[in-house]
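Structure first, then comments.
The values are calculated or read from the model by the stated rules, or taken from the named source; none is laboratory data. Values in this document were obtained by computation on a predicted structure and should not be read as measured data. Counting neighbours? That spans all protein chains shown, and the Cβs are built from the backbone with ideal geometry, glycine included.
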Amino acid sequence: MSNKFRNDLTQGSVTKQLVKFSLPLLLSNILQAFYSVVDMVVVGHYCGKASITGVSIGGQINILAAGLALGLSIGGTVLIAQYGGAKKHDEQRKTIGTMTIMYFILSAVVTTVMLILSNSILRVLNTPGSAYSETLAYYRICMYGTIFVFMYNAISAVLRGMGDSKRPLYFVFIATMTNIAFDIVFVGYFDMGAAGAAWATIGSQALSVILSLIFLYKRDFFIDYNLSDFRLDGKKAVTLIKIGFPSAVQNIIVSFSFLALTSLVNSLPNAEVASACQGIGSKVNSFAILPGLALSAAISSMAGQNIGAGEYGRAKRTSEIGVLMAFGISLVVFLIVQLFPYAIMSLFTSEADVITTGAGYLRRTAYDYLFVSITFCVNGLALGAGMSNFALINAIFNSLILRIPLAYFMVNALNWGFNGVGLAIGLAPLGSWLLCAVFLKKEMWKKKKIDL
């Protein structure tokens with residue numbers, strides 16, 4: 001493997017390294033969120049509430065598959081990072097080969113299961129009849145592209161683990177530009193509705209994966225590989241699952257909690273308007289939490305390399321600086337949403353009832369941006385240490401114990417309707433602060449979890 005892909009994160013200024021490493025991740029996340037938002041904007045202006053609802057509900061289900069891919073990729077990033085910090089590059093290669101095979105198998109299983117259960121899932125979510133066909137079309141088409149979601153996450157995980165956060169940015173930029181062009185053609189010109197947005201999404205993801213593999217091949221990334229490297233190494237597979245599976249379950253739990261809220265929203269009076277507002281709100285949220293997500297990924301890679309090298313002080317400092325940076329940026333985003341909610345809603349739709357209802361929803365959910373940014377950064381330190389169970393416990397506490405019960409209580413017991421859903425989303429992450437404080441105070445992340 002060419003050394004041009006390796007970057008030593010155990011040397012130099014922690015702040016400078018964190019900013020330099022996290023900025024491409026932030027830009028990558030912004031681009032990914034942007035092309036998801038473009039689906040909603042184009043569909044909203046060309047097609048109306050039914051298609052918005054279709055993209056919203058279908059997109060939330062598809063996030064389950066993406067969450068599984070992303071969660072498992074964290075295991076690869078952490079293991080590759082710690083092997084890099086320990087200068088065990090042969091073990092890195094074995095890990096990459098094993099992860100590749102695992103991803104092919106899992107993507108096939110996920111695609112098959114999710115397609116078989118498609119109608120059952122939509123019925124459980126109380127999908128409005130007026131939007132059912134649009135939702136089903138978007139969901140099924142996106143499921144055909146699951147392999148590309150898994151492979152993109154695998155490629156990004158490998159590069160991040162080796163300290164390279166720039167090249168994943170190039171790949172997602174290609175996907176974003178392609179997705180925008182496809183959306184305009186399929187939805188705007190051919191009037192394909194939610195199905196057009198789905199084809200635009202999987203088409204752009206496929207192109208990104210293909211071009212990224214060509215790019216890596218031409219830059220000699222695979223120079224030390226042969227076919228025998230791409231096989232399941234039992235020990236590596238078990239380690240990847242031990243680290244990545246809790247993160248995958250964590251992502252699934254978070255997605256499930258929002259799907260539960262979707263079912264609740266779809267049971268309310270005027271469900272089509274509320275569901276459209278929730279869908280737009282989720283897109284705004286996907287932008288607002290990006291600083292925390294980018295810094296979490298950067299912290300996990302930097303902390304992983306430093307822990308692998310025995311530099312525990314640098315790992316802790318990385319987390320502390322990341323928390324301050326994430327909270328500062330999230331505070332700015334929070335203030336923008338509080339001041340301009342109507343303008344933000346107007347970017348997605350011109351329907352007055354959706355704009356009015358959605359503005360209040362945005363203001364209530366915005367509190368989530370502040371609280372969750374700190375949780376993400378502490379999770380990043382835990383993941384870098386291989387303690388993915390902590391992030392899982394955090395997700396269970398935040399999503400299942402707080403968010404869902406709080407929303408149902410506010411809607412059914414207090415009769416606050418859609419306003420209660422927004423407030424529950426905004427306040428639920430408060431509970432994670434206590435867990436994070438205990439985790440940092442007791443320095444639990446220093447306990448060795450990975451045998452290199």
- request: Name every residue in region 46-87 that is under 30 Å from residue 233 (Cα atoms), not in a helix (DSSP H, G or I) and not hydrophobic (A, V, I, L, M, F, W, C), in order of residue number.
  value: 87
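Scan region 171-198 for residues that are assigned to a helix (DSSP H, G or I) and of a type in the set (Asp, Glu) and report the count. Show your work before the answer.
From region 171-198, those assigned to a helix (DSSP H, G or I) are 171-189, 193-198; that's our starting set.
Filter again for of a type in the set (Asp, Glu), leaving 183.
Summing the residues that are assigned to a helix (DSSP H, G or I) and of a type in the set (Asp, Glu) in region 171-198 gives 1.
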statement: Of the conditions (1) at pLDDT 85 or above; (2) in contact with a helix residue (DSSP H, G or I) (Cβ under 7 Å, 6 or more places away or on another chain); (3) over 21 Å from residue 29 (Cα atoms), the single one that residue 320 does not satisfy is (2)
- prompt: Out of the residues in region 393-452 that are β-branched (Val, Ile, Thr) and out of contact with any Asp or Glu (no Cβ under 8 Å at 6 or more places or on another chain), which is farthest from residue 311 (Cα to Cα)?
  reply: 411
task: Could you give me the residue pairs with C-beta distances under 6 Å whose first residue belongs to region 72-86 and is on the phi < 0 side of the Ramachandran plot, whose second residue is of a type in the set (D, E, K, R) and in a helix (DSSP H, G or I) wherever it lies, and which are 6+ apart or on separate chains?
output: 77/160; 83/91
field: Lone unmet requirement of (1) modelled with pLDDT of 90 or more; (2) outside any helix (DSSP H, G or I); (3) of a type outside the set (A, V, I, L, M) for residue 127
entry: (1)
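Can you find a residue that is within 17 Å of residue 209 (Cα to Cα), buried (at least 18 other Cβ atoms within 10 Å of the Cβ), touching a Lys or Arg at 6+ places or on another chain (Cβ under 6 Å) and at pLDDT below 90 anywhere in region 151-159?
To start, the set of residues in region 151-159 that are within 17 Å of residue 209 (Cα to Cα) comprises 151-159.
Still in the running and buried (at least 18 other Cβ atoms within 10 Å of the Cβ): 151-159.
Narrowing the set further to residues that are touching a Lys or Arg at 6+ places or on another chain (Cβ under 6 Å) leaves 159.
Right, trim to at pLDDT below 90 and you get 159.
Yes, region 151-159 contains at least one residue that is within 17 Å of residue 209 (Cα to Cα), buried (at least 18 other Cβ atoms within 10 Å of the Cβ), touching a Lys or Arg at 6+ places or on another chain (Cβ under 6 Å) and at pLDDT below 90.
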- prompt: Just wondering, is there one or more residues in region 93-108 that are crowded, with 21+ Cβ neighbours inside 10 Å, touching an Asp or Glu at 6+ places or on another chain (Cβ under 7 Å) and at pLDDT below 85?
  reply: no
field: Pair list, Cβ < 7 Å and 6+ apart or interchain, from region 123-146 residues that are within 17 Å of residue 187 (Cβ to Cβ) to residues that are aromatic (Phe, Trp, Tyr) and surrounded by fewer than 24 Cβ atoms within 10 Å (Cβ to Cβ)
entry: 141/199
query: Given the structure, is residue 120 among the hydroxyl-bearing types (Ser, Thr, Tyr), surrounded by fewer than 17 Cβ atoms within 10 Å (Cβ to Cβ) and part of a helix (DSSP H, G or I)?
result: yes
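Here is a list: 395, 437, 391, 407. Which entry is in a helix (DSSP H, G or I), over 21 Å from the mean Cα position of the chain (by Cα) and closer than 27 Å to residue 302 by Cβ? If you could, list the steps in order and put the result at the bottom.
On the way: 395 fails: over 21 Å from the mean Cα position of the chain (by Cα); 391 fails: over 21 Å from the mean Cα position of the chain (by Cα); 407 fails: closer than 27 Å to residue 302 by Cβ.
Exactly one residue qualifies, and that residue is 437.
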message: Out of everything in region 278-325 that is over 19 Å from the mean Cα position of the chain (by Cα) and polar (S, T, N, Q), what residue ends up being surrounded by the fewest Cβ atoms within 10 Å (Cβ to Cβ)?
response: 319
- line: Within region 188-223, the count of residues that are surrounded by fewer than 15 Cβ atoms within 10 Å (Cβ to Cβ) and more than 18 Å from residue 159 (Cα to Cα) comes to 3
- request: Output the residues belonging to region 143-170 that are farther than 23 Å from residue 304 by Cβ and not in a helix (DSSP H, G or I).
  value: 145
statement: Being touching a residue at least 60 places away in the same chain (Cβ under 8 Å), within 26 Å of residue 401 (Cα to Cα) and among the hydroxyl-bearing types (Ser, Thr, Tyr) narrows 286, 301 down to just 286
query: Can you name every residue in region 424-434 that is buried (at least 17 other Cβ atoms within 10 Å of the Cβ) and part of a helix (DSSP H, G or I)?
result: 424, 425, 426, 427, 431, 432
message: Residue pairs, Cβ under 7 Å, 6 or more apart or interchain, first in region 315-337 and under 24 Å from residue 303 (Cβ atoms), second among the aromatic types (Phe, Trp, Tyr) and assigned to a helix (DSSP H, G or I). List them.
response: 326/376; 330/369
